[in-house]
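Everything below concerns the one structure shown next.
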Amino acid sequence: MPLRINDEITIEDWELTEQFTRASGPGGQNVNKVATAVELRFEAARSPALPGPVKTRLKRLAGRRWTKDGALIIQCDETRHQARNREIARERLVELIQRALVKPKRRIPTKPTKGSKERRLKAKKERGEVKKLRGKVE
């Protein structure tokens with residue numbers, strides 16, 4: 001089933017790979033028998049659904065989860081249920097891609113005001129006077 005990000009972007013099944021492993025932590029005897037932890041792999045670099053700038057932002061947001069071959073790996077072993085872990089991993093992927101879709105606001109550099117320059121110079125002058133008074137008394 002395709003993963004829907006927003007109205008324009010949908011990730012197809014062939015772009016996602018899921019691998020299940022045994023989870024660590026509590027679970028009783030079941031923890032040794034059932035593979036409940038999920039590792040979701042999304043081939044982001046090769047995805048035709050994502051535009052180039054979004055891929056770049058996604059790579060920066062993903063950090064260590066981004067592999068050298070351009071895949072995004074999300075791991076989840078929060079619950080004892082494989083289906084719930086799978087849902088959580090998919091939700092995290094959608095959330096990460098939605099964050100990458102938001103274009104950062106371009107910063108417009110501004111010049112300091114005349115008043116702020118004068119205040120800065122006045123503070124420097126006062127500080128210099130304080131330091132000058134620390135010298136030896138003659």
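The values are calculated or read from the model by the stated rules, or taken from the named source; none is laboratory data. All figures in this text were calculated on a predicted structure; none of them were measured in a lab. Cβ placement follows ideal geometry from the backbone for every residue including glycine, while neighbour counts extend to all protein chains displayed.
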Can you pull out the residues in region 84-138 that are of a type in the set (A, V, I, L, M) and touching a helix residue (DSSP H, G or I) at 6+ places or on another chain (Cβ under 9 Å)? 96, 97, 100, 101, 102
Could you go through region 52-59 and let me know if any residue there is touching a helix residue (DSSP H, G or I) at 6+ places or on another chain (Cβ under 7 Å), polar (S, T, N, Q) and either closer than 18 Å to residue 15 by Cβ or in a loop (DSSP other than H, G, I, E, B) (or both). no
Residues located in region 22-46, provided they are modelled with pLDDT under 85, closer than 21 Å to residue 88 by Cα and not aliphatic (A, V, I, L, M): 22, 24, 25, 26, 27, 30, 36
Just the residues that are in contact with a strand residue (DSSP E or B) (Cβ under 9 Å, 6 or more places away or on another chain), touching a residue at least 12 places away in the same chain (Cβ under 8 Å) and not in a helix (DSSP H, G or I), please, taken from region 60-82. 66, 71, 72, 73, 74, 75, 76, 77
Among the residues of region 75-97, is there at least one that is more than 13 Å from the chain's Cα centre (by Cα) and among the β-branched types (Val, Ile, Thr)? yes
By residue number, the members of region 102-123 that are surrounded by fewer than 10 Cβ atoms within 10 Å (Cβ to Cβ) and charged (D, E, K, R) are 103, 105, 106, 107, 111, 114
Sort through 46, 86, 99 and tell me the only one that's closer than 16 Å to residue 4 by Cα, in contact (Cβ under 8 Å) with a residue 12 or more places away in the chain and surrounded by fewer than 16 Cβ atoms within 10 Å (Cβ to Cβ). 99
